[in-house]
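Structure first, commentary second.
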Amino acid sequence: GRHGITGTDEAWTDVVDFGIRAVVAARRYLAERPDVDPQRIAVIGFSEGGNVTLWSAIESEGFRAVVLLAPATLSHTKSRRLFMAAQEDQVRQIKAPVFLAATQNDNPPIIRVSQNNLIPNLQKTNPGFRHRIDYPGSHKTFYDVDDEYWKDVTAFLKQHLN
């Protein structure tokens, strides 16, 4: 099961919780800057960071747009799994439009939770929700900026931040 991942459930929960605190602090810092429009702050995350981004959008407000790039399922944490965040009562709390991207050969658990839970529940609760989970490549595609998915990310952000 754990695919070489080490650490206890509690340690991984702490990692995600720390990430959420960091995202909230970064948004607060940006919102207080005179050169930033506090009404036009977006959040984006990939893999573990995508999981953190999703939980951050659920548990805090103030984002104008949310971008999830192949959010990790994090099955090695009891309380911060993608499956739990993907439930309708959780995603309903997200006020900003969400864009979800994954690749056709992404990690199978990411595709499974996205198709079975995250996509249908965001479609029900998030009017600005958009998704595409068949980009060419694998999970590693998101290690670099790739025109195929990045043009959709930037178009989504341009639509919601202007």
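The values are calculated or read from the model by the stated rules, or taken from the named source; none is laboratory data. Quantities reported herein were computed from a predicted structural model and do not represent experimental measurements. Here the Cβ positions follow ideal geometry from the backbone for every residue, glycine too, while neighbour counts run over all protein chains shown. Accessible surface is based on the protein model in full, side chains and every heavy atom, while ligands, DNA and RNA are left aside. Shrake-Rupley method; radii C 1.70, N 1.55, O 1.52, S 1.80 Å.
Step by step: first the residues of the range 40-61, then only those that are of a type in the set (Ser, Thr, Tyr) and not in a helix (DSSP H, G or I), then the one that is nearest to the chain's Cα centre (by Cα). Which residue is that?
So in the range 40-61, the residues of a type in the set (Ser, Thr, Tyr) come out as 47, 53, 56, 60.
Then keep just the ones that are not in a helix (DSSP H, G or I); that gives 47, 60.
Values: Ser47: 8, Ser60: 13 Å.
Only one residue fits best here, namely Ser47.
Which residue, of Arg92, Arg64, is more than 14 Å from the chain's Cα centre (by Cα), open to solvent by 50 Å² or more (accessible area, probe 1.4 Å) and basic (Lys, Arg)?
From the options Arg92, Arg64, the qualifying one is Arg92.
Here Thr6 meets the list (1) farther than 20 Å from Leu161 by Cα; (2) open to solvent by 20 Å² or more (accessible area, probe 1.4 Å); (3) in a helix (DSSP H, G or I) almost entirely, failing just condition (3). Evaluated against (1) within 15 Å of the chain's Cα centre (by Cα); (2) surrounded by fewer than 18 Cβ atoms within 10 Å (Cβ to Cβ); (3) under 25 Å from His76 (Cβ atoms), Arg112 falls short on exactly one condition, (1). None of Ala31, Ala26 is in a helix (DSSP H, G or I) and either open to solvent by 40 Å² or more (accessible area, probe 1.4 Å) or at pLDDT below 95 (or both) except Ala26. Could you check the range 144-162 and list, in sequence order, the residues that are of a type outside the set (A, V, I, L, M, F, W, C), within 21 Å of Asn105 (Cβ to Cβ) and in contact (Cβ under 8 Å) with a residue 24 or more places away in the chain? Result: Tyr149, Asp152. If you check Arg27, Arg33 for being within 19 Å of the chain's Cα centre (by Cα), more than 16 Å from Arg81 (Cβ to Cβ) and not aromatic (Phe, Trp, Tyr), only one passes: Arg27. Of all residues in the range 115-162, those being aromatic (Phe, Trp, Tyr) and either in a strand (DSSP E or B) or more than 16 Å from the chain's Cα centre (by Cα) (or both) number 1. Please go through the range 66-114 and pick out each residue that is closer than 17 Å to Trp150 by Cβ, part of a loop (DSSP other than H, G, I, E, B) and in contact (Cβ under 8 Å) with a residue 60 or more places away in the chain. Within the range 66-114, just Ala70 meets the criteria.
Does any residue of the range 55-64 turn out to be touching an Asp or Glu at 6+ places or on another chain (Cβ under 9 Å) and among the small types (Gly, Ala, Ser)? Checked against the condition, which is being touching an Asp or Glu at 6+ places or on another chain (Cβ under 9 Å) and among the small types (Gly, Ala, Ser), the range 55-64 yields no hits at all.
Among residues of the range 41-65 that are without any contact (Cβ under 8 Å) to a residue 24 or more places away in the chain and farther than 15 Å from Ala101 by Cα, those with a Cβ under 9 angstrom from a residue that is open to solvent by less than 10 Å² (accessible area, probe 1.4 Å) and among the hydrophobic types (A, V, I, L, M, F, W, C), sequence gap 6+ or separate chain, pair up as Ile41/Ala65.
Against the test of being among the hydroxyl-bearing types (Ser, Thr, Tyr), out of contact with any Lys or Arg (no Cβ under 9 Å at 6 or more places or on another chain) and over 20 Å from Phe156 (Cβ atoms), the options Thr8, Thr53 yield a single qualifying residue, Thr8. Is it the case, given these coordinates, that Thr13 is among the polar types (S, T, N, Q), touching a strand residue (DSSP E or B) at 6+ places or on another chain (Cβ under 6 Å), part of a helix (DSSP H, G or I) and in contact (Cβ under 8 Å) with a residue 12 or more places away in the chain? Judged against the criteria, Thr13 is not a match.
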